[in-house]
Amino acid sequence: MALDPVTNPYTPGAGQRPALLSGRDQELQDFRARLQRLERGRAAQCTLIVGLRGVGKTVLLNTFGQEAVRRDWVVVEHELTARGDLLATLARVAHQALLELSPPSRWTRATRRAGAILRSMEISYEIAGLSVSLPTADVGDALPASGDPARDVTELLLALGSAAAEHQRGVTLMFDELQFAPIEPLGALVAGLHKVAQRDLPLTIVAAGLPQTRGVLAEAATYSERMFETRTVGALTEADAKRALAEPAADEGVAIADAALSEAVRFTEGYPFFLQVFGDHLWRLASGDRITEDDALRAGPMVREWLDRGFFTFRTDRLPTAQRRYLRAMAELGSHEQASGDIATALGLSSSAPVGQTRDALIRRGLIYSPRLGYAAFTVPQFDDYLRRHFELEAHVPRRRAADDSDG
Ligand SMILES: Nc1ncnc2c1ncn2[C@@H]1O[C@H](COP(=O)(O)OP(=O)(O)OP(=O)(O)O)[C@@H](O)[C@H]1O
Ligand SMILES: [Mg+2]
């Protein structure tokens, strides 16, 4: 008899909380300690989670959010996009946090000041959809925003932090996909946080993003590295990966043979999203109340096909030929970071100059990033394997002959 699809404990998706959050205890413990410090009026760094696609950044971010809520913090979250306006976003999340701290009718000194700053930012930056309504007594004396984002954001964060302190609560602002943040407003945000940190106010930022986020932050402000406690999350260790599959099944009364777990870990290399997909297929294939090695061996090719169709193909589907060739050349060299010169050689070139734009376009798409100067690496695990299986290695064709070279 097949296993009950209703009790299938696996969660292959984006940001879906797994039945067991495996291997992230230390991260959670450290985050809790930072909240506790802030609650006691001590300084603590902000939190940054970085990692490849599908390693569980969003899930961890949400777990941190739940922990903060449990400790009675105000938590407001936002996912950035390539086209978003960070300044407007900041104003919106700050406004939301302020309203959660207290309704305008009961605003006191610091809350009023934060409200007034938001109102003036709404006007001077023409932020749509904010509609800050000030208590009647305050209308008219809204402080004019300076028009300098760094100054205005600093004032806003200081006022929000003071408002939180006044209400004896903490505020956590959470940003997912921080790699999309434009440099200038991000610099304003970091400058504001810098001032908040100097006053030990109970306001903190928790952010997640692809590995390039660190570079984006460093470009936004030289001291950002010190403002954030950065944790790189990645594949789970073998033991944690096995637990991620075995424990949720055991909770449903289903045992998984150790050989099946080993096969799943070998196949997925411990990447959380791949593990969930593998578990999901095991559940569908198994019969009785035991998942066997044979089930795992049969699951492999099905998982491969499912991932190829769902996870990888849409990343290469509409890619201009030059970009696809570049990725394919990278894949030829393996899964690790590669020197631009070596990629050029694989493309049949004697220098990387002709493919510089192609490389930049791929970075903008978020498919690769530069872990250090002159190197490129994939942001998607096992992407190299997919590319090698699906595309032939081809030489670079100069732009004047290629119809569809790198896009903008
Ligand atoms: N610690 C974990 N243990 C088991 N499964 C996990 C863990 N973390 C995440 N997952 C699972 O992995 C998948 C990916 O998680 P999530 O969406 O948080 O990744 P992500 O890093 O945010 O990916 P992306 O970069 O694409 O946004 C989900 O199916 C989730 O259930
Ligand atoms: Mg995510």
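The values are calculated or read from the model by the stated rules, or taken from the named source; none is laboratory data. Remember, predicted model here, so these are calculated numbers, not experimental data. Backbone-built Cβ (ideal geometry, glycine too); neighbour counts: all protein chains shown. The protein model used for the area step is the full one, side chains on, heavy atoms only, and it has no ligands, DNA or RNA in it. Shrake-Rupley method; radii C 1.70, N 1.55, O 1.52, S 1.80 Å.
The table for this structure:
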read-out	value
For the range 238-315: span of alpha carbons on each principal axis (Å, largest first)	37, 25, 19
Phi to ³J(HN,Hα) by Karplus 6.51 cos²θ - 1.76 cosθ + 1.60 over the range 212-218, Hz, x for Gly, Pro	5, 4, 4, x, 4, 5, 5
Under Karplus coefficients 6.51, -1.76 and 1.60, residue-wise ³J(HN,Hα) of the range 284-292 in Hz, glycine/proline x	6, 7, 5, 10, x, 10, 9, 9, 9
Mean separation of Cα contacts under 8 Å (6+ apart) over length of the range 1-143, as relative contact order %	15 percent
Within the chain, percent of DSSP bridges classed antiparallel, to nearest 5	20 percent
Amide H within-cut-off set for A207, under 5 Å, with H built and near neighbours excluded	T47, L48, I49, F175
Projected area, mean over directions - the range 25-232, Cα convex hull, nm²	10.6 nm²
Stokes-Einstein D in µm²/s, Kirkwood radius over Cα pairs - the chain at 4 °C with 1.567 mPa s viscosity	55 µm²/s
Percent accessible area from carbon and sulfur atoms, the range 132-204, protein chains only, probe 1.4 Å	52 percent
Helical mean residue ellipticity (222 nm; -39500 (n - 2.57) per DSSP H run of 4+; nearest 500) of the chain	-15500 deg cm²/dmol
Two-site FRET efficiency, D85 against S351, from Cβ-Cβ distance with R₀ of 35 Å, rounded to 0.05	0.35
Extension gain, A128 back to E394 (0.36 nm per residue minus Cα-Cα distance, nm)	90.9 nm
Max mean-square fluctuation residue, GNM over the chain, Cα-Cα springs under 10 Å, options T108, T230, T63	T108
Over the chain, relative contact order from alpha-carbon pairs under 8 Å, at least 6 apart, %	19 percent
Solvent-accessible area per residue for the chain (1.4 angstrom probe, square angstrom)	46 Å²
For the chain, built as a Gaussian network whose Cα springs stay under 10 Å, the top-fluctuating residue of G209, G41, G288	G288
